[in-house]
Amino acid sequence: MTIVAQPEALQDAPNLLLCSLRDLQRQRYMTDKEFARALEIDEKTLRRLNDPDQRHSVSVVTKRRVAAKLGRPPHTIAELLWTPSEVYLAAVDARFAEAQTLGVVAADPATGRPTGRRVPWPERADEG
């Protein structure tokens, strides 16, 4: 059973925003037992996913299956996010350092679209 039904107000929202399993459970007004059953996992696995110190022990296969049951990409569910490696974090730091020298592209506050104008980092792109 796939449980992609969402409250009407959320049906048009993109499934790209990060949310938690608890958010998704509460949106459906489900108990832990009902939610675990709908995800085809046991309650113990649901508790492990919700516990930051234990979620690493849940298999990647189970995490993918949970995301599929919810009709969402795994990277949009906080408890399913991977822990980045030191190499990845170093690459992110290097990109931020580069951005500080180049500046950022300002966005039109009305549309959110890029204006093409560069502004210095860390000045906010919507100011000035």
Exercise for the section: Hey, can you grab everything whose amide H is under 5 Å from the amide H of T115? Only 5+ residues off in sequence or another chain; H modelled, so Pro and N-termini drop out. Expected result: A106, A107, D108
Problem - Cα→Cβ-extended label distance, 7 Å offset, between F96 and E40, nm - result: 4.0
Fill in the blank from the handout: Expressed as a whole-number percentage, the relative contact order of the stretch 8-80 with C-alpha contacts under 8 angstrom and at least six residues apart is 40
Exercise for the section: Find the Cα radius of gyration of the stretch 44-103, compare it with 2.2 N^0.38 Å by division, and give the number to two decimals. Expected result: 1.49
Handout entry: Net charge, R37 excluded, C-beta distance under 15 Å - Lys, Arg +1, Asp, Glu -1
Key = +1
Fill in the blank from the handout: Under the Karplus relation with 6.51, -1.76 and 1.60 and θ = phi - 60°, whole-Hz ³J(HN,Hα) for the stretch 33-44, x at Gly and Pro, equal 5, 5, 5, 4, 4, 5, 7, 6, 10, 8, 4, 4
Handout entry: Debye intensity ratio in log₁₀ form over the Cα atoms of the stretch 8-80, taken at each q of 0.22 Å⁻¹
Key = -1.00
Practice task
Convert each backbone phi in the stretch 76-83 into a coupling constant with the Karplus relation 6.51 cos²θ - 1.76 cosθ + 1.60 (shift: θ = phi - 60°), then list the ³J(HN,Hα) values in order as whole Hz, x for Gly and Pro.
Solution key: 9, 10, 3, 5, 9, 5, 7, 8
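Since every read-out is calculated from the coordinates, none of them should be taken as a lab result. Predicted model, so just to flag it, every value in this text is computed and none were measured. Methodologically, a virtual Cβ is constructed for each residue, glycine included, from the backbone with ideal geometry; neighbour enumeration extends over all protein chains shown.
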